[in-house]
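Heads up, the thing below is written out as structure tokens.
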Amino acid sequence: MVKALGKDKAKDTFAYQALKQIGAIYKIEESLAKLTPGERAKRRQLSVRPLVEAFFAWIRESRDKVPKKSETGKGFTYCLNQEKYLRVFLEDGLVPADNNAEEQAIRGFCVGKANWHLIDTINGAKASAIIYSIAETAKTNNLKPYKYFKHLHTEIPKHQEDTSLDFMKELLP
């Protein structure tokens, strides 16, 4: 909605005001990225918490001025319903302010599901899920999936006679 109205008209909307406040939180978060988790948690208490408090107070104050079924109204309801979870990052410097990295990690999975109608057995679906999980785990650990699979295909056959699966620990990314 904000983009559709143009910048001048958008400034008067609740959606624009919400985005401005969220943007201010992210700007501070960006400056805290290279700190240790302990220092990040301390700085969040000083500089981010007041903005988060103000944001939720503003939503509570503004929600009755926005139609509940509008996209902005739905956004306000979501924020208030998820407030407890949206605040978790304030308490722990290891917790990111959002889950964008996780969403990016599963994006391919979600995009790929359109092609999964070609998998016609439960075993095929399980095998695909395992392969996909291994590839995403490799990416998360900064490995190239193709090279990692190649490594697995080279190493696993060397252990066909093993009675223990302990060697598998060595193959983890």
Inset, instruction - Take the cross-link list 126/169; 34/68; 126/158; 68/126; 126/150; 42/169 and give me the ones stretching past 31 Å between alpha-carbons. - result: 34/68; 68/126; 42/169
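Counting each DSSP H run of 4 or more residues in the chain as -39500 (n - 2.57), what helix-only mean residue ellipticity at 222 nm follows after dividing by all residues, to the nearest 500 deg cm²/dmol? Spell out each step's value before the answer.
Numbers: 11 runs with 111 residues, N = 173.
Result for the chain, helices only: -19000 deg cm²/dmol.
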Inset, instruction - Please grab the % of Cα pairs in the chain that end up more than 24 Å from each other. - result: 60
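Could you list 29, 39 in order of exposure, starting from the residue whose Cβ has the fewest other Cβ atoms within 10 Å? Let's see the in-between values first.
Details: 29 19, 39 12.
The fewest-first ordering by Cβ neighbours comes to 39, 29.
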Inset, instruction - Any chance you could give the angle, 0 to 90 degrees and rounded to 10, that helix 100-112 forms with the longest Cα principal axis of the chain? - result: 60
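Computed FRET efficiency, Cβ-Cβ of residue 80 and residue 142, R0 35 Å: what is it to the nearest 0.05?
Values: r = 38 Å, r/R0 = 1.08.
Approximately 0.40, to the nearest 0.05.
Grab the Cα-Cα distance for residue 102 and residue 22, subtract it from 0.36 nm times how many residues apart they are, and report the gain in nm with one decimal. Before the final figure, lay out each step's value.
Values: separation 80, 0.36 × 80 = 28.80 nm, distance 1.95 nm.
Gain in length upon complete extension: 26.9 nm.
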Inset, instruction - Work out from phi, with θ = phi - 60° and the Karplus expression 6.51 cos²θ - 1.76 cosθ + 1.60, the ³J(HN,Hα) of each residue of region 20-31, listed in order in whole Hz, and give x for Gly and Pro. - result: 4, 5, 5, x, 5, 5, 5, 4, 5, 4, 4, 6
Inset, instruction - Once you've got the GNM for the chain with C-alpha springs shorter than 10 Å, pick whichever of 158, 34, 11 has the biggest mean-square fluctuation. - result: 158
Inset, instruction - Sort out for me the Cα centre separation of region 122-173 from region 31-67, rounded to whole Å. - result: 41
Legend entry - Rg in Å to one decimal, and Dmax rounded to a whole Å, for region 27-78 via C-alpha atoms: 14.9, 42
Inset, instruction - Compute the distance in nm between two label points, each set 7 Å from the Cα along the Cα-to-Cβ direction, one at residue 65 and one at residue 95. - result: 3.0
Legend entry - For region 2-90, average projected area of the Cα convex hull in nm²: 6.3
Legend entry - J(HN,Hα) series, region 81-98, from Karplus relation 6.51 cos²θ - 1.76 cosθ + 1.60, nearest Hz, glycine and proline x: 5, 9, 3, 3, 7, 6, 8, 3, 4, 5, 8, 9, x, 7, 7, x, 5, 8
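Here, each number is a calculation from the coordinates, and none is a lab measurement. Every value quoted in this text rests on a predicted model; they were computed, and no experiment measured them. We place every Cβ from the backbone using ideal geometry, glycine too, and count neighbours over all the protein chains shown.
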